[in-house]
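The values are calculated or read from the model by the stated rules, or taken from the named source; none is laboratory data. These figures come from a predicted structure and were not determined experimentally. Here the Cβ is made from the backbone with ideal geometry for all residues, glycine too, and neighbour counts use every protein chain on show. The area values use the complete protein model at the heavy-atom level, side chains included, leaving out ligands, DNA and RNA. Shrake-Rupley method; radii C 1.70, N 1.55, O 1.52, S 1.80 Å.
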Amino acid sequence: MNISHVKTTDFTDQKPGTSGLRKAVSVFQQAHYLENFVQAIFSTIGPVTGQTLILGGDGRFYNREAIQIIIKMACASKYSRILVGQGGLLSTPAASCVIRKHQANGGIILSASHNPGGPNGDFGIKYNINNGGPAPEQITNAMYTYSKNISSYNIADIPDIDIDTLGNQRIGHTDIITIDPVADYAEQMSQLFDFEKIRKLFAGGFRLCFDAMHAINGPYAKEIFIDQLGAPAETLMNCTPLPDFGQGHPDPNLTYAADLVKVMNAADAPDFGAASDGDGDRNMVLGQNFFVTPSDSLAILAANATLAPGYADGIKGIARSMPTSQAADRVAAALGIPCFETPTGWKFFGNLLDADKVTLCGEESFGTGSNHIREKDGLWAVLFWLNILAERQESVEQIVTSHWQQYGRNVYSRHDYEEVESDSAERLMSNIKKQFDTLPGQRFGHYTIAFSDDFAYTDPIDNSISRQQGIRIGFTDGSRIVFRLSGTGTKGATLRVYLEQFEDQAEKQQQDAQAALSELIQIAEQLAEIKKHTGRDQPTVIT
Ligand code: G1P
Ligand code: ZN
């Protein structure tokens, strides 16, 4: 096998964001662009001689081409084994599961998660380390530094590899093993949840509608819900993965999962609805005409965790990202376990999970997961809900409203302003920060500001500090407004405004979230002058 040492020049923009390097497909299609970054990965974590690499992606446009390039570069770097998902596919949670199960040194996942795909959409690449979780910032920063100084990369001169037939092929020093992308993952799910009980639930006529949004979880849902749990075929919606996700936006929320929302709001709606995103790590859950916020979902899973066999011994602790509502904190307090507040992004949960400080983690952005892997996990959340529904024999709405009665409701919403001009967005943020000194004690209608800060996090395990993780405005009654700029967007800036208010009076808990939060929404405008800086009257997406 001949190895070419290809001369290249650096690109200046290969800095990984909240979740890997994510760019428009056209950026990745530039000559040497992907190769440079892959070399930055291998050289930063290397030498990789003799190691095992897991490789797969969410099947979006350019997935197959990228897989071939990475296999050739991994052979040139002398990995001893590459486990590649059949067809180049692996959901993010499945990749994490496979890395851990096969004791690989790490994995490359090709995905831009919930961003649209297709030739005009986005592509992405992220590296996960041997615990199955996203590479921490020190590593991604080192990759970025390497990418800025790169002058050549190594690639094997071999023809394309067959990634569609299961089995082993040996190239030079490297075994390339094509694996079933679903099997390991499905097996793990059957160990965590009571499949027998869920099978009975379906046999009794319980109806689920699962929307894979034409993305990676289609084959996983078919294997688990239909083949293993006996749900009828009509359970599956949009479950054939397409390279452009059917030209949709594979983000499971009330705006983009419109097909599912329509079904769940119809007169003859199924009992339970769920959707997942491009790479299968996000989830949205719905009851009949009823939306469960991801923050509530985390709290409810925590409160009911012992109903699932995998968590029957109880949970050690909960971690939530800073903008996520404080509903989980209330459950943790009641259970007498710690609740950690981390910056946005799954990578901040890794240390807490590895140190066994927490069992469940979640983010308001439709991400929930546990210590079973080191990524958030869309189907896992749906199975957890199914297990709880099978045990409690109540509707989704009953479970949520009785949770509110017991713990109070953290009324919650996120308003996103997408594709805002970057300088204006930065100005908006710095103008709020300038007010920090004078905000505490100020009254706004019914609310008084208790504190304002730019969130900084000290990791309790390795003491690393992450600063500037979002502006927090805290009110004396526990309500909050959080302002953050997205770290995953690829066009301009995305401003996220997170709103939260606590409601312990049962008769007010049923209120529509936007109505209940209307005063906080006005205060956010007053503090940030969103209309002036973004030129928008309305958020692009409300979740
Ligand atoms: C978004 C979400 C964040 C999530 C990330 C990756 O990041 O807000 O919670 O971890 O996607 O799925 P953001 O664009 O806000 O930086
Ligand atoms: Zn995702």
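Cα centroids of the range 478-543 and the range 203-279: 28 Å apart.
Look at the alpha carbon pairs under 8 Å that are at least 6 residues apart: their mean separation over the length of the range 211-362 gives a relative contact order of 18 percent. Here the range 178-287 is assigned +1 on the Cβ of each Lys and Arg and -1 on the Cβ of each Asp and Glu. Its dipole about the Cα centre then comes out at about 380 debye. Charges on Cβ only, +1 for Lys and Arg, -1 for Asp and Glu, centred on the Cα centroid of the range 227-352; of Val261, Thr293, Thr324, which one is farthest towards the dipole's positive end? Checked the options; the winner is Thr324. Axis of helix 137-148 versus longest Cα principal axis of the chain: the two differ by about 50°, to the nearest ten degrees. For the chain, the relative contact order works out to 13 percent when only alpha carbon pairs closer than 8 Å and six or more residues apart are counted.
Over all other residues within a Cβ to Cβ distance under 15 Å of Ile67, the charged ones net out to -3, with Lys and Arg as +1 and Asp and Glu as -1. Taking the Cα centre of the chain as reference, the dipole from Cβ charges on Lys and Arg (+1) and Asp and Glu (-1) amounts to some 960 debye. Estimated at the nearest 10 Å², the accessible area of Ser19 is 40 Å² with a 1.4 Å probe. Relative contact order of the range 396-543, taken over Cα pairs closer than 8 Å and 6 or more residues apart, is 35 percent. Rolling a 1.4 Å probe over the protein heavy atoms of the chain, with every protein chain left in place, gives an accessible area that is 46 percent carbon and sulfur.
Taking the C-alpha atoms only, the angle from helix 183-192 to the longest principal axis of the chain is near 30 degrees. Placing unit charges on the Cβ atoms of the charged side chains and taking the dipole of the chain about its Cα centre, the candidate lying farthest along the positive direction among Ile158, Ala524, Trp404 is Ile158.
If you take the Cα centroid of the range 389-440 and the Cα centroid of the range 120-134, the two points sit 26 Å apart. Report note on the peptides 419-429, 99-109: ranked by the mean count of other C-beta atoms within 10 Å, highest first, their order is 99-109, 419-429. Dividing the C-alpha radius of gyration of the chain by 2.2 N^0.38 Å, with N its residue count, gives 0.95. Here Glu391 sits with roughly 70 square angstrom of accessible surface, probe radius 1.4 Å. Rolling a 1.4 Å probe across the protein heavy atoms gives the chain an accessible surface of 37 Å² per residue.
Each peptide among 392-399, 323-330 gets the average number of other Cβ atoms lying within 10 Å of its residues, and from highest to lowest they stand as 323-330, 392-399. Modelled this way, with points 7 Å down the Cα-to-C-beta line, the labels at Thr476 and Leu254 are 3.1 nm from one another. Amide H contacts of Cys209: Phe272, Gly273, Ala274, each under 5 Å away and 5 or more positions distant or on a separate chain (H built 1.01 Å from N in the peptide plane; Pro and chain starts excluded). With coordinates expressed along the principal axes, the C-alpha atoms belonging to the range 476-543 extend over 42, 24, 22 Å, beginning with the largest. The alpha carbon centroids of the range 1-80 and the range 444-464 are separated by 38 Å. Ranked by the mean number of other Cβ atoms within 10 Å of their residues, highest first, the peptides 504-510, 490-496 come out as 490-496, 504-510. Against the chain, whose longest principal axis comes from its Cα atoms, helix 378-392 is set at around 50 degrees.
Solvent-accessible surface of protein heavy atoms, probed at 1.4 angstrom with all chains present, puts Arg199, Arg22 in the order Arg199, Arg22, largest first.
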